[in-house]
Amino acid sequence: MYEREEVLKYFKSERDFLDTTVEKNIEKYRKGDACVKITDENGNALANTIVKIKQISHDFKFGANIFMLDELETKEKNDAYKSAFKSVFNMATLPFYWASLEPEKGKLRYEIGSTPYYRRPPIDLCIEFCEKNGIEPREHALAYEHQFPRWLSDLSVEEIKDALENRYKEIAKRYAHKIPTIEVTNEMLWNHRVTKFYDENDYVEWCFKLAEKYFPNNQLAINEYTDAFWGANCRSTDSYYAYTESSMLKGARIDAIGAQFHMFESRESEIAKSSYLYNPKSLYDHMNLYSNLSKHLQVTEITIPAYSNDEKDEEIQAEIIKNLYRVWFSHPSMEQIIYWNLVDGYAYVENPTPEAIRWSQGNMSVGENVYYGGLLRFDLSPKPAYYAIKDLITKEWHTELEVETDENGYARFRGFYGDYEASAGDTTLKFSHRK
């Protein structure tokens with residue numbers, strides 16, 4: 001047996017759970033009965049007529065970050081990136097890191113043509129791409145302290161709060177009506193800070209209350225690193241659960257709870273962590289725990305390593321992803337699943353100087369590149385993992401069928417929630433099938 005196949009053992013041993021609970025929940029929570037009336041141009045019901053029903057979009061959000069939009073070396077690569085993205089995903093995570101949007105006080109980088117910054121395309125460019133292709137943008141992250149600009153580091157807490165409120169105002173003015181999900185805080189359990197504000201006990205509560213003021217009609221999300229959610233003891237006393245619940249009890253309006261899923265581990269450590277990170281029952285236990293808070297759940301950042309371009313490694317990456325997506329998609333509280341890097345060879349660079357960028361791009365031996373965690377190879381060719389996600393979204397979890405209308409012109413069917421098109425002869429209509 002190829003050694004890395006060991007990471008699949010929990011998916012295999014829990015096959016009954018996958019085939020019963022998971023598949024039944026997908027049928028129960030992701031699909032519903034629908035009815036659409038078909039009429040001719042005069043409004044007369046078309047009885048006993050064959051109707052073609054085709055789903056054209058999902059209600060559920062499947063996404064990735066869009067950090068390399070028009071950032072690649074050639075037009076051909078950029079076109080391939082955009083084509084691969086829009087062919088699968090209906091959500092894109094946008095880079096609202098304060099350190100790169102306002103690296104110098106008062107010098108903002110929202111507009112197309114702004115000073116280039118690696119893996120941080122201008123927000124307006126991202127919005128333009130999303131609007132053109134029917135993709136919902138997602139904000140990441142409003143008050144992510146570890147990505148605060150350095151010019152804040154020597155300011156007082158009150159001065160930092162004033163500056164952060166100005167940031168909220170600016171973003172709300174420009175984008176509140178365009179971006180439904182606002183991720184307010186991220187990785188609060190990472191014990192590293194840029195400013196004094198990080199050490200304040202009311203940080204999360206204050207940030208969310210301010211977000212409610214400036215984003216009253218948006219979904220406000222919280223987010224944490226992988227093991228804070230999936231690797232903790234699965235108790236209400238776990239740090240992430242406890243500080244989220246505490247903030248809510250103090251009046252913070254938290255609408256959605258996010259959890260990363262980065263497997264930034266060695267091959268040996270991946271095998272060890274598969275006992276809970278690749279175990280369907282363990283994943284369900286943690287989702288069930290957080291469901292007690294009666295909030296939506298989101299898997300916000302996913303990296304599953306291939307470790308190489310070896311055929312077997314890439315096949316195992318695809319198999320892991322396929323199983324994980326089934327488990328997450330099946331849980332009634334889950335509403336978003338977002339992969340992280342679409343393409344290999346362009347992973348995060350801590351200090352993105354031009355020299356560091358040139359050195360790291362395509363160099364699979366440095367930084368997070370070593371995990372080969374993308375869905376496309378460096379040359380933009382799709383991996384099996386890309387097709388695994390695409391097939392789930394566009395084939396397995398896709399409704400397309402023919403039904404016959406009854407005597408009153410009603411076509412009845414059961415399908416995945418989303419937007420649809422129905423056609424009969426020369427008659428075509430679009431409709432929404434919602435939960």
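The values are calculated or read from the model by the stated rules, or taken from the named source; none is laboratory data. Owing to the predicted nature of the structure, the values given are computational and were not obtained by experimental measurement. Because the Cβ atoms are built from the backbone with ideal geometry, glycine has one as well, and the counts that use them run over all protein chains shown. With ligands, DNA and RNA removed, areas are computed over all heavy atoms of the protein, side chains included. Shrake-Rupley method; radii C 1.70, N 1.55, O 1.52, S 1.80 Å.
Most tightly packed first, judged by the mean number of other beta-carbon atoms within 10 Å of their residues, the peptides 362-375, 416-429 read 362-375, 416-429.
For the range 299-365, carbon and sulfur atoms together expose 46% of the accessible surface, with a 1.4 angstrom probe and every protein chain in place.
The alpha-carbon of K105 sits under 27 angstrom from the alpha-carbons of these lysines, leaving out residues fewer than 8 places away in its chain: K161, K169, K173, K178, K196, K209, K213. Which value, to two decimals, describes the C-alpha radius of gyration of the range 361-411 once divided by 2.2 N^0.38 Å? Rg over 2.2 N^0.38 Å, computed on Cα atoms: 2.08. Around the Cα centre of the range 133-193, unit charges on the Cβ atoms of Lys, Arg, Asp and Glu (plus for the first two, minus for the last two) sum to a dipole of about 240 debye. Charge dipole (Cα centre; +1 on Lys/Arg Cβ, -1 on Asp/Glu Cβ; no other charges) of the chain amounts to roughly 620 debye. With the cut-off at under 19 Å, measuring from each backbone N in the range 262-289 to a point 7 Å along the Cα-to-Cβ line of V370 picks out 262-274. The label point for N351 and the one for A47, both projected 7 Å from the Cα toward the Cβ, are 7.9 nm apart. Taken over the C-alpha atoms, the range 158-265 has Rg and Dmax values of 14.3, 41 angstrom.
Counting DSSP beta bridges with both partners in the range 294-432, what percentage is antiparallel, nearest 5? Of all bridge pairs located within the range 294-432, approximately 60 percent are antiparallel.
Here the extension length gained between E111 and D406 equals 100.9 nm, from 0.36 nm per residue of separation less the Cα-Cα distance. The mean sequence separation of alpha-carbon pairs under 8 Å and at least six residues apart, normalised by the residue count of the range 169-306, gives a relative contact order of 26 percent. A crude spin-label estimate for the pair E268 and N309, with each label 7 Å from Cα along the Cβ direction, gives 2.8 nm. Per residue, the solvent-accessible area of the chain (1.4 Å probe, heavy atoms of protein chains only, all protein chains present) comes to 43 Å².
Here K390 is the anchor, and the lysines within straight C-alpha reach of less than 18 Å, apart from those fewer than 8 places off in the same chain, are K54, K61, K82, K86, K322. What part of the accessible area of the range 70-178, given as a whole %, is carbon or sulfur when the probe is 1.4 angstrom? Within the range 70-178, the accessible surface is 46 percent carbon and sulfur. Name the residue farthest towards the positive end of the dipole of the chain from the options Y410, Y225, A92, assuming +1 on Cβ of Lys and Arg, -1 on Cβ of Asp and Glu, about the Cα centre. The residue sitting farthest along the positive end of the dipole is Y410. According to the Cα-based calculation, Rg over Rh for the chain is 0.98, with Rh computed by the Kirkwood formula. For the listed peptides 106-112, 210-216, a ranking on the average number of other beta carbons within 10 Å per residue, highest first, reads 210-216, 106-112.
In percent, how large is the relative contact order of the chain, given Cα pairs closer than 8 Å and 6 or more residues apart? Once normalised by length, the contact order is 26 percent.
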